[in-house]
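Here is the structure we will look at, set down as structure tokens.
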Amino acid sequence: MRKIYLVGFMGCGKSAIGRRLSYFLKMPYYDMDHEIVRQQGMTIPEIFEKYGEAYFRNLETEFLRNFRDEACIIATGGGVAMKEENRRLMRRSGLVFFLDATFEDIYVRIKNDKNRPIVQRSTKTELEQLYYSRRKFYREAGHIRVLTGGRTLRQIVEYIGFQVRRLKGE
Ligand code: S3P
């Protein structure tokens with residue numbers, strides 16, 4: 001087990017938790033969206049606009065296939081766990097945590113975000129439907145589900161850190 005992947009819906013806290021977990025476990029941290037943006041020299045909305053969503057989805061799979069062979073923490077994009085190949089790539093190369101937040105918590109965090117094309121093009125009801133339709137895939141992707149509601153970032157990070165150490169046999 002080399003990598004730690006954080007999966008879950010937009011706004012579930014993958015990046016915030018990933019950054020803190022990186023300090024806690026003293027492991028490097030990468031945000032998949034940022035890496036893709038850097039490689040492409042375009043923002044996520046620009047990639048969606050210029051090449052379409054399917055193209056972006058292929059970039060995500062390419063990232064999982066080719067990213068450096070290093071023990072690190074990776075915050076994935078909210079759509080990554082939808083593809084069977086992506087789930088397999090993550091589960092084979094590391095430990096996957098599903099960060100499970102309620103739709104109410106998530107919606108407050110994402111509703112005004114201009115950098116998320118899916119939020120921009122969807123109504124609240126559509127986002128809620130997407131949230132429920134994706135849960136099954138996050139569950140399938142994750143080795144461990146982490147309920148985030150009512151917990152501080154610190155508690156969540158300590159819980160994940162504890163699980164990582166336990167599974168590494170430390
Ligand atoms: C997406 C989530 C985003 C980003 C893109 C598509 C999705 O990542 O990859 O806008 O399909 O849920 P975050 O989960 O970090 O917002």
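Close Cβ contacts (under 9 Å, 6 or more residues apart or on different chains) running from residues in segment 16-41 that are under 13 Å from V164 (Cβ atoms) and in contact (Cβ under 8 Å) with a residue 12 or more places away in the chain to residues that are buried (at least 18 other Cβ atoms within 10 Å of the Cβ) and of a type in the set (D, E) comprise G18/D31.
Using the structure shown, decide if I47 is within 11 Å of the ligand (Cβ to nearest atom) and either at negative phi or over 12 Å from the mean Cα position of the chain (by Cα) (or both). Judged against the criteria, I47 is a match.
Here segment 99-123 is the region considered, the condition is being assigned to a loop (DSSP other than H, G, I, E, B) and under 16 Å from the mean Cα position of the chain (by Cα), and the residue that is farthest from the ligand (Cβ to nearest atom) is T102. All of L6, L21 fail the test of being over 16 Å from K114 (Cβ atoms), more than 13 Å from the ligand (Cβ to nearest atom) and not aromatic (F, W, Y), apart from L21. Residue check: is R121 touching a residue at least 40 places away in the same chain (Cβ under 8 Å) and surrounded by fewer than 19 Cβ atoms within 10 Å (Cβ to Cβ)? In short, no.
No lab work stands behind these numbers, since they all come straight from the coordinates. The structure displayed is predicted, hence computed values, not measured ones. Counting neighbours? That spans all protein chains shown, and the Cβs are built from the backbone with ideal geometry, glycine included.
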